[in-house]
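Worksheet: the structure to be examined is printed underneath.
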Number of protein chains: 2
Amino acid sequence: MDRVYLYDTTLRDGQQTQGVQFSTEEKVQIARALDALGVDYVEGGWPGANPTDSAFFEALPKLDATLTAFGMTKRVGRSAENDDVLAAVVNAGTPAVCLVGKTHDFHVTDALGVTLEDNVAAIGDSVRHLVQNGREALFDAEHFFDGYKANPGYALDCLRAAMEAGARWIVLCDTNGGTLPEEIGRITGEVIAAGVPGDRLGIHTHNDTETAVAGSLAAVMAGARQVQGTLNGLGERCGNANLVSLIPTLMLKEPYASLFETGITQDALAGLTRTSRLLDEILNRVPQKQAAYVGASAFAHKAGLHASAIAKDPATYEHVDPGVVGNARIIPMSNQAGQSNLRKRLADAGLEVDPGDPALGRILDVVKAREADGYAYDTAQASFELLARRELGLLPAFFEVKRYRVTVERRKNKYDRMVSLSEAVVVVKVGDEKKLSVSESMDESGNDRGPVNALSKALAKDLGPYQQAIEDLRLVDFKVRITQGGTEAVTRVIIDSEDGKGRRWSTVGVSANLVDASFEALLDAITWKLVRDGATPV
Amino acid sequence: MDRVYLYDTTLRDGQQTQGVQFSTEEKVQIARALDALGVDYVEGGWPGANPTDSAFFEALPKLDATLTAFGMTKRVGRSAENDDVLAAVVNAGTPAVCLVGKTHDFHVTDALGVTLEDNVAAIGDSVRHLVQNGREALFDAEHFFDGYKANPGYALDCLRAAMEAGARWIVLCDTNGGTLPEEIGRITGEVIAAGVPGDRLGIHTHNDTETAVAGSLAAVMAGARQVQGTLNGLGERCGNANLVSLIPTLMLKEPYASLFETGITQDALAGLTRTSRLLDEILNRVPQKQAAYVGASAFAHKAGLHASAIAKDPATYEHVDPGVVGNARIIPMSNQAGQSNLRKRLADAGLEVDPGDPALGRILDVVKAREADGYAYDTAQASFELLARRELGLLPAFFEVKRYRVTVERRKNKYDRMVSLSEAVVVVKVGDEKKLSVSESMDESGNDRGPVNALSKALAKDLGPYQQAIEDLRLVDFKVRITQGGTEAVTRVIIDSEDGKGRRWSTVGVSANLVDASFEALLDAITWKLVRDGATPV
């Protein structure tokens, strides 16, 4: 089997994504996750281009993967030894260096403004300089496909200059993302026929026509043996080829699985979903539900017909086993769902209900009515479980909220600075006892954490006999969307909670009033925890 | 040129997306948008399968596109005339009907539990029944590619049964999304060679390996002449082939543009971005920034090197002109940006700044420091403009906020029902005049709209001489994310506002306190409007 090498550029090209800005610590965290996954190369950034990237290379994490610095070929008119940009890249001290250089004649003469010959010489000199400094050298052939179509002879001369100077890899880049897979495959084949061996060829695609993954696969099929991409397809404009999709396809799908091997183990592949979500967590992004292989919806069977077939044999509607990539099958709840979906979903929550139980129809009706009001139960599974328990008569009344009041104030303090403070009063009845709790939004460091924080603290401050069960409850995420509830715009709040046992659950609240919606979701979060921990109602 | 037909299934397969549930009115709105775009077929849903779909067909919108009802082939053991599922589909009264049927032997015998011969007969009888009722008949060959790989003879027999019964289109479906583009192309070619003409063949792919678009293109290249897909790639699991990506590729990219024509005009193509965003608006989804062609980032040039090349010639980093699909080029602001990006962005806001102006460096520093605190200026362009104006000395002090207080209360009313009410007091100084305004969160219908609404009303209630300028300001969207600000979790609020002139702008606020963050974004929204309308400071 031929070896295919995986080159990750999340930390460099991925950082070109609009809205993405990694800190140095985050870069180190992502590099370690990539290393645990088993990619062959981690491109860390462009030393000297910005403070974050420089600091990352100074920290220089120890990796099994080959840490690679990115830069560009030397400027025409100075020697490789005297080029400051090249010097910064070499001084980063990484085992490998990747230099981007131009191969499209129009870019050389018009964007760079140098002669075609000088550019070829600059490529050769720069790569030679890296090799003389003991580095593994890679050459990113910018705009290669457009360049090849415009002037194939010149584009190939640029590749040969890098190859003859000792570049380990020549990477064909479709920089503006405009080349379609068939053409990528054909041109890659022609490059190999022209004398650049496939085992020194890489492919770097962008997703501007939504075909970056297919373009990479076409290049591999044509003979390229290195694939460049990013986690979750981050990258300039529409993003780079998504390694999270490419890795399982190369490892699991035919004809790739039989023809090629990668550096990734089956064990590491089972961590793929976690790695993908870790990146979203670092970016504070909601993970793409529909992402191939790793999305929360990737193995979600919503259509009633599909769900019942899946129950007989998962192979009917799943092209791979979700567990292999660390994902899981789900049967989402919604008014599209039939009773067989519903029973499966209830069973997942530990609730066995007989097929004929009239509660099933009632639950479907309530879900339907509440989704029309703006609730979303296929995300907020814990709230769904509570709703079902209520209809099944399996939800104890642990306590009752009588009223609450939250105040947010912003004014000048005695030092003439504007400061804010929130205060919440919550009145609950636990058994026969009425309990008034008050909390403010200040944390240990004296910072105001806002009204939902104050409310959450006041609510959890004194629930009497339940206090112990909720001590380890922690709010980990909070999402708000304006949505349609009937004919009105309402606010939907989804709260993700976690406890000391590492369990994580989502609850939903809907109201035109943001604080109310949050309070409803908070209440569900506490109630679910009491149910799951088997608290005894007073 | 060969005609390629576009078949949209957003209203049927798109509705299988986890979290998506269209109302009948929304279905009508989407059908009209698809019709304006110019697709050939609009699949409206499955009449009889759920109340929303049935109501949609009862409303039966008048379209230029061929409205199509979806259903399945008749059950074995009853005649086509007596099959209730088939009857519901025929009774929908659409000019075309698409029936899904099995073509994979394992599914026929194991999932359906009937003989292979009976299934073939059911396909023929069902299609013949449609034709006899004067309908254009389509046959969706479910799991065709898996079926063909397992038992090519049987899979082809199923297609022939539909064809001989008079089906206008035989659609090869990769139902579980597991077939890669090369294989789709090869098998489509083999089907044509086996006698099903390409101009009666359609392709229906899913995105489970992130190659649905490429798979559809491969089928067209092999001879298929109908493409099924959805807007924004909605659909079961990872979604269907994304028509929003396929349409511009078929119309603009070679070799497709020269070989094929579609029913979509260049004018309609210029509405593609708007159509894509309309769907997200209906779904209350944040549009995918990185979507091919239509994403807000699709023509965003963040890397400093790219941005300066783009300024010389857009063709350097753009594979198509963004205007052709109704999108626009943007140079996002971030700490990755160089001064040339910044000057371009300022010029877009009508601020011409000389290359040597020291304010440029200051603006970049402030952007960098504030993005580290959690702000995001590449989304909130209006807040960016205000920040720049402040540094350039071009931001008048219109008014000053001295303090505010918001109270949210929830308690029982006199009818013993839990009700909420928010009240906000805002104190501003306009010139020498101090103004106290109070508003509550109740709207005209007596519904509580929450604390940010109360605050927004109190702030806009009496700004003295500026009152006229802000009368037509309207808050249209409100997004909240928990994000990292330095070492602390903070809340970022993005507010989208609109005015009577149809202008729309985004502002940002960041604080650990949600209400504070909202207030900051509201303040920016008002200030931007005053600046843009040329209000004279008191």
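The values are calculated or read from the model by the stated rules, or taken from the named source; none is laboratory data. This one's a predicted model, so the numbers in the text were calculated from it and none came from an experiment. Here the Cβ positions follow ideal geometry from the backbone for every residue, glycine too, while neighbour counts run over all protein chains shown.
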For the range B:479-498 the number of residues that are modelled with pLDDT of 85 or more and surrounded by fewer than 18 Cβ atoms within 10 Å (Cβ to Cβ) is 1
Residues of the range B:1-56 being within 28 Å of B:D267 (Cβ to Cβ) and of a type in the set (D, E, K, R), in sequence order, are B:D2, B:R3, B:D8, B:R12, B:D13, B:E25, B:E26, B:K27, B:R32, B:D35, B:D40, B:E43
*asked:* Based on this model, can you work out whether B:A517 counts as surrounded by 19 or more Cβ atoms within 10 Å (Cβ to Cβ) and either more than 14 Å from every other protein chain (Cβ to nearest Cβ) or over 28 Å from A:M442 (Cβ atoms) (or both)?
replied: no
Restricted to the range B:1-18 and to residues being part of a loop (DSSP other than H, G, I, E, B) and buried (at least 20 other Cβ atoms within 10 Å of the Cβ), the residue nearest to the other protein chains (Cβ to nearest Cβ) is B:Q18
Checked A:V191, A:V196 against criteria (farther than 11 Å from A:A241 by Cα and in contact with a Phe, Trp or Tyr (Cβ under 9 Å, 6 or more places away or on another chain)); the one match is A:V191
B:A311: passes all of (1) of a type outside the set (D, E); (2) modelled with pLDDT of 85 or more; (3) surrounded by fewer than 17 Cβ atoms within 10 Å (Cβ to Cβ) but (2)
Flagged in the range A:60-109 as assigned to a helix (DSSP H, G or I), closer than 15 Å to A:C158 by Cα and among the charged types (D, E, K, R), in numbering order, are A:D105
Out of (1) surrounded by fewer than 21 Cβ atoms within 10 Å (Cβ to Cβ); (2) in contact (Cβ under 8 Å) with a residue 40 or more places away in the chain, the one B:D354 does not meet is (2)
Picking from A:V4, A:V89, the residue that is at pLDDT 95 or above and in contact with a Lys or Arg (Cβ under 6 Å, 6 or more places away or on another chain) would be A:V4
The lone condition B:W46 fails out of (1) buried (at least 23 other Cβ atoms within 10 Å of the Cβ); (2) at pLDDT 95 or above is (2)
Quiz item: Got at least one residue in the range A:62-73 being within 14 Å of chain B (Cβ to nearest Cβ), in contact with a helix residue (DSSP H, G or I) (Cβ under 8 Å, 6 or more places away or on another chain), polar (S, T, N, Q) and crowded, with 24+ Cβ neighbours inside 10 Å?
Solution: yes
Pairing a residue in the range B:397-425 that is more than 7 Å from chain A (Cβ to nearest Cβ) with any residue that is small (G, A, S), where Cβ atoms lie under 7 Å and the two sit 6 or more apart in sequence or on different chains, gives B:F398/B:A535; B:L421/B:S441; B:E423/B:A454; B:A424/B:S439; B:A424/B:A454; B:A424/B:A458; B:V425/B:A458
Exactly one of A:D110, A:D146 is surrounded by fewer than 15 Cβ atoms within 10 Å (Cβ to Cβ) and either in contact with an Asp or Glu (Cβ under 9 Å, 6 or more places away or on another chain) or of a type in the set (F, W, Y) (or both), and that residue is A:D110
Counting only residues that are within 14 Å of chain A (Cβ to nearest Cβ) and without any contact (Cβ under 8 Å) to a residue 60 or more places away in the chain, the range B:28-58 contains a total of 10
Taking the range A:274-308 and the residues there that are surrounded by fewer than 22 Cβ atoms within 10 Å (Cβ to Cβ), in a loop (DSSP other than H, G, I, E, B) and among the basic types (K, R), the one that is farthest from the other protein chains (Cβ to nearest Cβ) would be A:R285
Checking A:A347, A:A380, A:A328, A:A376 in turn, the sole residue that is surrounded by fewer than 16 Cβ atoms within 10 Å (Cβ to Cβ), within 14 Å of chain B (Cβ to nearest Cβ) and among the hydrophobic types (A, V, I, L, M, F, W, C) turns out to be A:A328
- Message: When you scan the range A:447-467, do you find a residue that is of a type in the set (G, A, S), more than 23 Å from A:V286 (Cα to Cα) and at the interface with chain B (Cβ under 10 Å from one of its Cβ atoms), even just one?
- Response: yes
Across (1) within 22 Å of B:Q16 (Cα to Cα); (2) in a helix (DSSP H, G or I), B:A141 clears everything bar (2)
A careful count of residues in the range A:177-195 that are surrounded by fewer than 23 Cβ atoms within 10 Å (Cβ to Cβ) and either hydrophobic (A, V, I, L, M, F, W, C) or in contact with a Ser or Thr (Cβ under 9 Å, 6 or more places away or on another chain) (or both) gives 5
| query | With respect to B:L130, is the statement that it is among the hydrophobic types (A, V, I, L, M, F, W, C) and assigned to a helix (DSSP H, G or I) true? | reply | yes
(1) under 15 Å from B:A300 (Cβ atoms); (2) under 28 Å from the mean Cα position of the chain (by Cα); (3) assigned to a helix (DSSP H, G or I) all hold for B:N327 apart from (3)
